[in-house]
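*Asks:* The structure follows.
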Amino acid sequence: MARHIVLAGGGTAGHISPLLATADALRRRDPGIGITALGTVKGLETRIVPERGYALELIPAVPLPRKPSAELISVPGRLAGTIRRTAEILDEVGADAVVGFGGYVALPAYLAARRRGLPIIVHEANARPGLANRIGARVTPYVATAVPGSKLPHAQYVGMPLRPAISGLDRAALRAEARQSFGLDPDRPTLFVTGGSQGARRINESAIAAAPAFAAAGVQVLHMYGRKNEVPPVHREAGEPPYVALPYVDRIELAYAAADLMLGRCGMNTVAEVTAVGLPAVFVPLPIGNGEQRLNAQPVVAAGGGVLVDDSLLTAEWIAANLIPLFAEPETLEKMGAAAAGLGRRDADDRLADLVDEAIAASARSDQKGSRA
């Protein structure tokens, strides 16, 4: 009988991207495997998961406090109905294991799986784990992390599961095609600017303001400014390096291949991708939240694969004084790219799939021993 795995994680791309990469890895090694994703009605997964050909079950969202607080006391009561519904889904699909990626969906999945005696595998993407995965890591020995040095119990550093288009990317081989696809000059030094799919105002404004400095230095720019943002057009005279501004890039691997350097945020998905492909970066941590973006980027910066600048300090003047001079030192960029690649993990999807296999096999052995007792 084919195995069936339930993958729990939704709401943001930081959860959905590794979930789908893991689903793809499981299906590559076992085309007959059953896979169901758990999500909530308001998450991006309602569109993305079905588009990728995977079954999706929706459960009520129970927001979790990031830190222990009085609000935490009410969580069990609010979770009760969601856990019951999740357990019903596990029964309906005949789940053999649950893999959680954190967030609203993961905690009820962990608790329902424990109630059913199913193997639990936790994947934590960030340097600072959320509440769901801190709880999940206490009830299973199968804990994978995207960053080294995690304080979660039983943590194994496997990296961030990535799409094959990213994990298998040869930037040098694809560079000419990538630059041509964006209307860029094949031979000019190239900066990729991105604040993520939604954009980032500070990054957008600073990059646009630095457009004259880029032109003067002979640097061309590919700028993904985000679907919810607008930026003023950048005028270029004939012969000046292009400044290509787009709301979104469907094939992000082409942007990575086109670029010599990236300027952007440092969500763990982005950090994992640029290190996997060996692209040096200037990281601008999100100035709100619990500081996890800074923590995500710090190992790369410490290894020499990137530069870190506070959001409040990023200006056109900072770019002109600190970023643009990097293009005058190709050897420095090359060394930064090698340092980034030294931290990258291209096989994290298979490593996590291995952990799923290990957990299921261990559970089967335990069941056999129990039946003989």
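Every residue, every condition in (1) touching a residue at least 60 places away in the same chain (Cβ under 8 Å); (2) assigned by TED's automatic domain parsing to the domain that holds residue 359; (3) surrounded by 19 or more Cβ atoms within 10 Å (Cβ to Cβ), yes or no:
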position: 14; (1), (2), (3): yes, yes, yes
position: 18; (1), (2), (3): yes, yes, yes
position: 27; (1), (2), (3): no, yes, no
position: 39; (1), (2), (3): yes, yes, yes
position: 50; (1), (2), (3): no, yes, no
position: 59; (1), (2), (3): no, yes, yes
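*Asks:* Can you tell me which residue among 339, 359, 297, 353 is in contact with a helix residue (DSSP H, G or I) (Cβ under 8 Å, 6 or more places away or on another chain) and outside the structural domain of residue 215 (by TED's automatic domain parsing)? Step through it out loud before you land on a result.
*Replies:* On the way: 339 fails: outside the structural domain of residue 215 (by TED's automatic domain parsing); 359 fails: in contact with a helix residue (DSSP H, G or I) (Cβ under 8 Å, 6 or more places away or on another chain); 297 fails: outside the structural domain of residue 215 (by TED's automatic domain parsing).
From the options 339, 359, 297, 353, the qualifying one is 353.
*Asks:* Taking residue 218, is it within 24 Å of residue 341 (Cβ to Cβ), in contact with a helix residue (DSSP H, G or I) (Cβ under 9 Å, 6 or more places away or on another chain) and either among the small types (Gly, Ala, Ser) or touching a residue at least 24 places away in the same chain (Cβ under 8 Å) (or both)?
*Replies:* Numbers: within 24 Å of residue 341 (Cβ to Cβ): no; in contact with a helix residue (DSSP H, G or I) (Cβ under 9 Å, 6 or more places away or on another chain): yes; either among the small types (Gly, Ala, Ser) or touching a residue at least 24 places away in the same chain (Cβ under 8 Å) (or both): yes.
Judged against the criteria, residue 218 is not a match.
*Asks:* Here are some residues: 353, 361, 340. Which one is surrounded by fewer than 18 Cβ atoms within 10 Å (Cβ to Cβ), of a type outside the set (Lys, Arg) and within 30 Å of residue 7 (Cβ to Cβ)? Walk me through how you get there before you give the answer.
*Replies:* On the way: 353 fails: surrounded by fewer than 18 Cβ atoms within 10 Å (Cβ to Cβ); 340 fails: surrounded by fewer than 18 Cβ atoms within 10 Å (Cβ to Cβ).
One residue alone meets the criteria, 361.
*Asks:* Here's something else I'd like to know. Out of the residues in region 96-112 that are among the small types (Gly, Ala, Ser) and part of a loop (DSSP other than H, G, I, E, B), state the one that is surrounded by the most Cβ atoms within 10 Å (Cβ to Cβ). Write out each step before concluding.
*Replies:* Looking only at region 96-112, we keep the residues that are among the small types (Gly, Ala, Ser), and these are 97, 100, 102-103, 106, 109, 112.
Within this subset, residues satisfying the condition of being part of a loop (DSSP other than H, G, I, E, B) are 102-103.
Numbers: 102: 28, 103: 26.
Among residues in region 96-112 that are among the small types (Gly, Ala, Ser) and part of a loop (DSSP other than H, G, I, E, B), the one surrounded by the most Cβ atoms within 10 Å (Cβ to Cβ) is 102.
The values are calculated or read from the model by the stated rules, or taken from the named source; none is laboratory data. Nothing here was measured: the structure is a model prediction, and the numbers come from that model. Glycine also receives a Cβ, built like all others from the backbone with ideal geometry; neighbour counts cover every protein chain displayed.
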